[in-house]
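Some notes on the structure that comes next.
The values are calculated or read from the model by the stated rules, or taken from the named source; none is laboratory data. None of the values given here were measured: they were computed from a predicted structure. Positions of Cβ are backbone-derived with ideal geometry, glycine not excepted, and every protein chain shown enters the neighbour counts.
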């Protein structure tokens, strides 16, 4: 008789694990997590109420150890499964986060057409471009020199008069 009573909480624990795995794979907005919590809670209720306190404590200890381990293992397996995107995006594959023509601005000179505090607009190569300094303030009309391009930012500094 004790084995039959013990089977229901064990089955509910396994169902809870399956629901947690489903939550990892399927976007449910937390509904499956609430369902898993309810299944685990009902399993613990049965273990404490119908079997014994010692069995309930054993279930709690098993849950505290196994659930985080299963979630971590599940996430690692998910990362290796065919469900996930395994392709990395790189510059060698032709993927770039910035227009390729921005690199051509390096070492070009221009004029600030707004105050650069530190961001603003400059006229470089007869084009209005958004630029940023490394923290310095430059007034409108100051000569600028492009020192770097990072991401979508064109970084300038004050042009030294020679």
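Annotations
- Positions within segment 85-97 being surrounded by 10 or more Cβ atoms within 10 Å (Cβ to Cβ) and either modelled with pLDDT of 70 or more or under 19 Å from the mean Cα position of the chain (by Cα) (or both), in sequence order: 89
- Sole residue being more than 20 Å from the chain's Cα centre (by Cα) and without any contact (Cβ under 8 Å) to a residue 40 or more places away in the chain, chosen from 17, 73, 60: 60
- Segment 20-38 - residue that is closer than 17 Å to residue 65 by Cα and modelled with pLDDT of 85 or more and, of those, surrounded by the most Cβ atoms within 10 Å (Cβ to Cβ): 36
- Checklist (1) surrounded by 13 or more Cβ atoms within 10 Å (Cβ to Cβ); (2) over 23 Å from the mean Cα position of the chain (by Cα) applied to residue 54, failing item: (1)
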